[in-house]
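Trainee: My structure is below; once you've seen it, I'll send some questions.
The values are calculated or read from the model by the stated rules, or taken from the named source; none is laboratory data. As the structure is a computational prediction, the values presented were derived from the model and not from experiment. Positions of Cβ are generated from backbone atoms using ideal geometry, with glycine treated the same way; all protein chains shown enter the neighbour counts. Accessible surface areas use protein heavy atoms only, side chains included; no ligands, DNA or RNA. Shrake-Rupley method; radii C 1.70, N 1.55, O 1.52, S 1.80 Å.
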Amino acid sequence: MTTQAPLWAHQQRAIDYVSEQWRNGHPGVLLDVSMRAGKSRISVELIKEHDLARVLIVSLLSVVPVWAEESVKWGGPPVETLDSGSVAQKAVRAFNARKVGRAIAVNYDSAFRGALAKLLLGFEWDLVVWDEVHKLKQPGGQWSRFAARIRDRSRYRLGLSGTLLPHSPLDAYGIYRAIDQRVFGTSNTAFKNRYANFINVGFPKLLSYKNLDELHEKMYSIAFHAGREALDLATPVEMRRYCELGPKAMKAYRDLEREFVADLEGGSIVADNALVRILRLSQVASGIASLESSEQVIDSAKEDLLAEVLEEIGNESVVVFCRFKAELAAVDRVSHKLGRMHFELSGAAKGLELWKRWKDPAILAVQYQSGGVGIDLSKARHAIFFSPTWSLADFQQAQARLERHDQKEAPAYIYLVARSTVDTRAYQALAERKEIIKSVVQSYGGGSNGNTGTD
C-alpha cells in the first residue's frame, strides 16, 4: 500500500538538487547522505518525478529485497529483486522483468558476472542507482570496471552512500568514474599524482595528500551532502536487512519445519510445546544448532550480515539485541574482527555500566531478558536485532531503552532477517503488534480460527 507521508526537509532538498543537476547536463549525481536518511525514498521520488521506466539498482545482497519494499511503500514502480538463484537464472528473470517494465535490483557480486552482465550491458537504462557507491572505490576491481562500462548505457546515474570516502581521498577516482568521468578524468595515475605525494620504495608508498580543497570542490560539484545534523527525523526509523542461509543450515531448517507442520496438521502441537519448536526454528535461522547441552554454529550468514551493518554504521556506539548465547558469541567475534570495543549485558556478564562510561564508541551485546526493562541504552542511536524475541512486550521494551525525551535524533532499529525462515513471520507479527507465538502458528496453518490477540 502506498504511504503518503510527507518528505523530510533534507529529502526534498536532495530531490531538488538532483533534478537541477540533471536538467543542467550533469547525468551523474552523488547523494552523500547519512544512514537512516531515507535514500531509497529519495530515489523512488526521483524515478516518479522524472518518469524513469528503465531502472537498474545495484546494492548489497542484504538490501536488494528492501528496494522492492521501499518502492511499493512510496508508490514507485514494481521491482524485480535478483537476490536468489544462479547468475543464469537471474539473467532470465532480468530479461522478463524488462519486458514488462519492472525495475531491477541486483547485488554487486552478481551484476558483473556472465550472462547477467552481458544482458545488463546490452540494455539502455534511464537510471542506474549504485547503492553504497563507495563499493566502487577500487578502479581495478570488477565492480568498478563494470560500473564504468554500464555508465555509458545509462541516461542518468545516482550514487548513494552514507560513508562516501571511508578510508582515503584517493577512493574518489573509482567512484566518480562510475558516476561522471568528467569530474576526475579517466587516468587513475594522473588523479593520484594530482592529489597525493608518493615515494618509490620498490613500490609507490603514500607520503601525504595534497590539493584536497580542490578535490573537495570537484567532488561536491555533483554531490549533495546531508550529515546527521541535517536530518529531520521525528520518529524512530525501522529497517530490515536480509541474508540467505547456506545449504547445510537450510536443510536443517527445512527438516525441522516439515516436522513442525506435520505435527500441526496431526494435532499434536499445543501451546506448551509450540514455543519450544518455534525456538528451534529461530535458532537455525541464526545459524545455530541446539545440542543436548550446548549450541553449535552451523552457518555464518547472519554473523556476516551483522559485520556488514556495523561497518555501514561506522564507529558509533551500537546495541545488538540477542536471544541465544551463540548470538552473543557472534557479536563478540564480529567486534574483534572489526577492531571494535565490545561489552555484554546478559545473565553471565554485567557490562552495561562499563559500556556507558567508555569514552569511545563501543558495541554492547544485550540479551533480551537482561536488557529490556528499566535500563538506559540511549548512548546508542542504532539498535540491531540479531533475532526476534517471542514477546511483543520484550520487543517494545528493548526499543524503548534507546529513547529519551531530550534526544535530538530518533533511534534506528535494524532487524537481521534470514530469508524464507520464521524470522520473516515473527517480525511481521511484531510489526502488526500481534501475539507472536499464536500468530506464527497460525501462519503455518495451525489454529486458524483463533483470535491472534496482542500482548
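Trainee: Please specify each residue of segment 46-104 satisfying the condition of being free of Cβ contacts under 8 Å to residues at least 24 places away in the same chain and within 21 Å of ALA115 (Cβ to Cβ).
Mentor: GLY85, SER86, GLN89, VAL92, ARG93, ASN96, ALA97, LYS99, VAL100, listed by residue number.
Trainee: When the residues of segment 417-430 are filtered to those that are in contact (Cβ under 8 Å) with a residue 40 or more places away in the chain and within 17 Å of GLU238 (Cβ to Cβ), which remaining residue is surrounded by the fewest Cβ atoms within 10 Å (Cβ to Cβ)?
Mentor: Here the residue is TYR427.
Trainee: Same structure again: Mind listing just one residue for me: the one in segment 28-83 that is touching a Ser or Thr at 6+ places or on another chain (Cβ under 8 Å) and among the charged types (D, E, K, R) and, of those, most open to solvent (accessible area, probe 1.4 Å)?
Mentor: GLU49
Trainee: Take SER62 and decide whether it is within 24 Å of ASP32 (Cβ to Cβ), under 17 Å from the mean Cα position of the chain (by Cα) and either among the acidic types (Asp, Glu) or modelled with pLDDT under 95 (or both). Explain how you work it out, then say what you get.
Mentor: Details: within 24 Å of ASP32 (Cβ to Cβ): yes; under 17 Å from the mean Cα position of the chain (by Cα): yes; either among the acidic types (Asp, Glu) or modelled with pLDDT under 95 (or both): yes.
When the stated conditions are applied, SER62 passes them.
Trainee: Another question, if that's okay. Restricted to segment 163-208, and to residues that are β-branched (Val, Ile, Thr) and assigned to a loop (DSSP other than H, G, I, E, B), which residue is farthest from ALA226 (Cα to Cα)? Steps first, please.
Mentor: Within segment 163-208, the first condition is being β-branched (Val, Ile, Thr), and the residues that meet it are 163, 175, 179, 183, 186, 189, 199, 201.
Still in the running and assigned to a loop (DSSP other than H, G, I, E, B): 163, 183, 186, 201.
Numbers: THR163: 11, VAL183: 21, THR186: 28, VAL201: 40 Å.
Among those that are β-branched (Val, Ile, Thr) and assigned to a loop (DSSP other than H, G, I, E, B), it is VAL201.
Trainee: Tell me, yes or no, whether segment 1-12 has at least one residue that is in contact with a helix residue (DSSP H, G or I) (Cβ under 7 Å, 6 or more places away or on another chain), open to solvent by less than 40 Å² (accessible area, probe 1.4 Å) and either among the hydrophobic types (A, V, I, L, M, F, W, C) or in a loop (DSSP other than H, G, I, E, B) (or both).
Mentor: Taking every residue of segment 1-12 in turn, none turns out to be in contact with a helix residue (DSSP H, G or I) (Cβ under 7 Å, 6 or more places away or on another chain), open to solvent by less than 40 Å² (accessible area, probe 1.4 Å) and either among the hydrophobic types (A, V, I, L, M, F, W, C) or in a loop (DSSP other than H, G, I, E, B) (or both).
Trainee: Give the residues of segment 215-239 that are under 26 Å from GLU70 (Cα atoms) and at pLDDT 95 or above, sorted by residue number.
Mentor: ILE222, ALA223, PHE224
Trainee: Against the definition (in contact with a Ser or Thr (Cβ under 9 Å, 6 or more places away or on another chain) and loosely packed, with under 15 Cβ neighbours inside 10 Å), how does LEU160 come out, yes or no?
Mentor: no
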